[in-house]
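The next block holds one structure in the form of structure tokens; read it before the comments.
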Amino acid sequence: MNNNSLKLRNKIAREAASLLYSGSEKEYKQAKQKAAETFKCKFLPTNLEVAMELDKIAEEKEGPARIQRLIQMRKQALKTMNALKAYNPVLIGSVWRGTIHHESDIDIRVYHDEPKAILKALKDAYKIVRTELATVTEKGQKKTSFHAHLESSTQEQIEIIVRSPEELNRKEKCEIYGDEITGLNLKQLERVLKENPTERFLPV
């Protein structure tokens, strides 16, 4: 790729990241396509390239407050995971990665066959904003998971994804960073908050 093409690719990645940061677009694919149209170009940057630009924009606009919010969100995640410790909670998403921005929420995955039990464990301490069933197709197979959207007493938005216990040890590739989604379990998150509360988890 020549220098001009590389510069154009970087511009498209930056524009796509700006669309995601502003909330104009919610999904990487649509953001990249819209950015490419803006520059009248057909090739698209990778999700990783867009994610790196999104991280830069968040750092530029939010500064030191971003780091403090990350710590607070991880502390809130720990509190929520303690309430769900019986269901093997795992912190995933941008709070796990350490790449939050102003619209980030806390994503926690749990494993149980009965979503009502999860809601019962949370209803006294959290406002349940809404619940939904989400279906995705993986390798030709449809998989359905239960999602509960919560709000904490400090107005943090939390999404609980309920998966079948059979999926507990299933490996999953990240569509954005290309690595394995390992996340942090309860003990690992406790260690991070104690030893390095702003630690980032990104591909080398």
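Each reported figure results from applying straightforward, stated rules to the coordinates on display, with no laboratory input. Being a predicted model, the structure only gives us computed values, none of them experimental. Note: ideal-geometry Cβ built from the backbone for every residue, glycine included; neighbour counts use all protein chains shown.
Please give the helix 28-38 orientation as an angle from the longest Cα principal axis of the chain, in degrees from 0 to 90, rounded to the nearest 10.
Roughly 20 degrees, rounded to the nearest 10.
Name the residues whose placed amide hydrogens come within less than 5 Å of the amide hydrogen of ILE106, ignoring near sequence neighbours (fewer than 5 apart) on the same chain.
GLN157, ILE158, GLU159
For a 20 Å ceiling on Cα separation, which of these pairs sit above it: LYS127/LYS194; LYS32/LYS142; LYS26/LYS171; LYS85/LYS173; LYS7/LYS40; LYS143/LYS171?
Table pairs above 20 Å Cα-Cα are LYS127/LYS194; LYS32/LYS142; LYS26/LYS171; LYS85/LYS173.
About its Cα centre, how strong a charge dipole does the chain have in debye, to the nearest 20, once Lys and Arg get +1 and Asp and Glu get -1 at the Cβ?
In debye, rounded to 20, the chain gives about 160.
Just to be sure I understand, if you calculate Rg and Dmax of the Cα atoms in Å for this structure, which of (1) 18.6, 63; (2) 17.9, 52; (3) 18.1, 58 do you get?
Checked against the structure: label (3).
So what's the projected area for the stretch 69-137, the Cα convex hull averaged over all directions, in nm²?
Directional mean of the projected Cα hull area for the stretch 69-137 stands at 5.5 nm².
What percent does the relative contact order of the stretch 1-91 come to when contacts are Cα pairs within less than 8 Å and at least six residues apart?
26 percent
Sequence gap at least 6, Cα distance under 8 Å: using those rules, report the relative contact order of the chain to the nearest whole percent.
So the answer I get is 20 percent.
To make sure I understand the rule: partners must be aspartates and glutamates, Cα under 20 Å from the Cα of LYS34, and not fewer than 8 residues away in the same chain. Which ones qualify?
Cα-Cα hits under 20 Å: GLU15, GLU25, GLU49, GLU53, ASP55, GLU175.
Taking K and R as +1 and D and E as -1, what net charge do the other residues with C-beta under 9 Å from the C-beta of ALA36 add up to?
So the environment of ALA36 carries a net charge of +2.
By how many degrees, between 0 and 90 and to the nearest 10, does the Cα long axis of helix 64-83 differ from the longest principal axis of the chain?
30 degrees
Quick one: length gained pulling GLN141 to GLU195 fully straight, 0.36 nm per residue minus the C-alpha distance?
Stretched out fully, the GLN141 to GLU195 stretch lengthens by 15.4 nm.
Rank ASN4, LEU44, GLY23 by how far each Cα sits towards the positive end of the charge dipole of the stretch 1-80 (+1 on Lys, Arg Cβ; -1 on Asp, Glu Cβ) and give me just the farthest.
Comparing the listed Cα positions along the dipole, GLY23 ranks first.
With θ set to phi - 60° and the Karplus curve 6.51 cos²θ - 1.76 cosθ + 1.60, what are the ³J(HN,Hα) couplings of the stretch 16-23 in order, to the nearest whole Hz, using x for Gly and Pro?
4, 5, 5, 5, 5, 5, 6, x
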